[in-house]
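Input: a single structure, listed below in structure tokens.
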Amino acid sequence: MKRIVSLLFAIVLSLNVKAQATLTEAVDFTAVDCYGQDTIHLFEILDRGQYVLIDFYFYTCDQCFKSCPHVVEAYKALGCNKHDVFFIEISPSDSDELCQWWAEKFGVEYPTISREAGGDKIDDAYGIRKYPTLVLIAPDRSIALSDIDCFDIIDNGYQVIVDALAPFGIEEHSCDEEPEVPVVTPEKPEATAIATSDTSILVVWNAMENAVTYNLYQGTELVADSIDDIQYTVTGLTANTEYCFSVTAVSTTAESEKSDEACDKTFS
């Protein structure tokens, strides 16, 4: 009898070990949410520096029912997908219609991916064997947490999730608080001026990292702005006259220093 009990205990332990996601690296996926409105591309979210918390669930799961309200509270406490972490929930078995019912019942505002959108394949790729399972993926695509204890969440509320994510630098934010946009200032370009006629000079420069457009100056005067190429021809000039130009690179948040002046003389 003791051997049977020991054997059963060992089996239970082995099942618990398999219950968590066993991956160490994230598997990429692209899927449309159950409303057909948003396309979720996992690696794109990670590449912009956010962690991703995936809640694997299905609607007839009792523990999923009990824990979901706390997951929603954690989503709101951590900034509604605008800041350090992006919440997603995935069902391996529920249709779009059932996922919509679930989202509306619990006030889920983050993306829900159904079986119809490939939730079952994502679930298999992550080796999920119990529900709910909450997996945290780091921006470097590693699995930061393979699960957060749902019974602890049910007993002690959303703070369990907040506390589990805190060691990764994931902080609480108001949903009304907009994330800070980092200022990215490109390096200044190197420009060259080449006379092409008695009334025109071609200015060319090298493409700069983080630059979206370029501005062209003659001294302090802005000759042309929002140039989406790496060259610009200045026309309407006077023959046999030297002109000097400088170029700046412009990102989404800042403008670089002016390049050293590039000079040439129009044809005589």
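The values are calculated or read from the model by the stated rules, or taken from the named source; none is laboratory data. Because the structure is a prediction, the values reported are computed rather than measured. With ideal geometry, Cβ positions are generated from the backbone for all residues, glycine too; neighbour counts draw on all protein chains shown. Surface accessibility is based on the protein's heavy atoms, side chains included, excluding ligands, DNA and RNA. Shrake-Rupley method; radii C 1.70, N 1.55, O 1.52, S 1.80 Å.
What are the residues in region 226-260 that are charged (D, E, K, R) and touching a residue at least 60 places away in the same chain (Cβ under 8 Å), if any? Full working, then the answer.
At the first step, the residues of region 226-260 found to be charged (D, E, K, R) are 228-229, 242, 255, 257-258, 260.
Hits for region 226-260 are Glu255, Glu257, Lys258, Asp260.
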With the condition kept exactly as written, say whether any residue in region 53-65 is loosely packed, with under 12 Cβ neighbours inside 10 Å, modelled with pLDDT of 95 or more and over 22 Å from Glu116 (Cβ atoms). yes
Considering only region 171-203, how many residues are among the acidic types (Asp, Glu), at pLDDT below 95 and within 19 Å of Pro139 (Cβ to Cβ)? 1
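So, in region 27-38, how many residues would count as being within 14 Å of the chain's Cα centre (by Cα) and modelled with pLDDT of 95 or more? Quick ask: steps written out before the conclusion?
Our first condition is that a residue be within 14 Å of the chain's Cα centre (by Cα); within region 27-38, this holds for 28-30, 38.
Those still in the list that are modelled with pLDDT of 95 or more too: 28-30.
So the count comes out to 3.
Would you mind stating whether Tyr126 is of a type outside the set (D, E, K, R) and farther than 17 Å from Val32 by Cβ? Reasoning before the result, please.
Values: of a type outside the set (D, E, K, R): yes; farther than 17 Å from Val32 by Cβ: yes.
When the stated conditions are applied, Tyr126 passes them.
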Please work out if Glu44 is within 30 Å of Glu177 (Cβ to Cβ) and among the charged types (D, E, K, R). yes
The number of residues in region 197-229 that are open to solvent by 40 Å² or more (accessible area, probe 1.4 Å), in contact with a Phe, Trp or Tyr (Cβ under 7 Å, 6 or more places away or on another chain) and assigned to a loop (DSSP other than H, G, I, E, B) is 1
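Among the residues in region 154-170, are any of a type in the set (Val, Ile, Thr), surrounded by fewer than 19 Cβ atoms within 10 Å (Cβ to Cβ) and modelled with pLDDT of 95 or more? Steps first, please.
Just the residues of region 154-170 that are of a type in the set (Val, Ile, Thr), to begin with: 154, 160-162, 170.
Filter once more, so that each one left must be surrounded by fewer than 19 Cβ atoms within 10 Å (Cβ to Cβ): 154, 162.
Going one step further and asking which of them are modelled with pLDDT of 95 or more, we end up with 154, 162.
Scanning region 154-170 turns up at least one residue that is of a type in the set (Val, Ile, Thr), surrounded by fewer than 19 Cβ atoms within 10 Å (Cβ to Cβ) and modelled with pLDDT of 95 or more.
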I'd like the full set of residues that are crowded, with 21+ Cβ neighbours inside 10 Å, under 17 Å from Leu134 (Cβ atoms) and not hydrophobic (A, V, I, L, M, F, W, C), limited to region 95-123. Pro111, Thr112, Gly119, Asp123
Can you name the number of the only condition in (1) under 16 Å from Ala262 (Cβ atoms); (2) in contact (Cβ under 8 Å) with a residue 40 or more places away in the chain that Tyr214 fails? (2)
Would you check which residues across region 141-158 are free of Cβ contacts under 8 Å to residues at least 24 places away in the same chain and under 18 Å from Tyr51 (Cα atoms) and list them? Leu145, Ile148
Given (1) under 24 Å from Val183 (Cβ atoms); (2) touching a Ser or Thr at 6+ places or on another chain (Cβ under 9 Å), where does Ile230 come up short, assuming only one miss? (2)
Within region 230-250, can one find any residue that is within 32 Å of the chain's Cα centre (by Cα) and open to solvent by 50 Å² or more (accessible area, probe 1.4 Å)? yes
Tyr131 - would you say it is of a type outside the set (Val, Ile, Thr), within 23 Å of Ala31 (Cβ to Cβ) and either more than 19 Å from the chain's Cα centre (by Cα) or at pLDDT 95 or above (or both)? yes
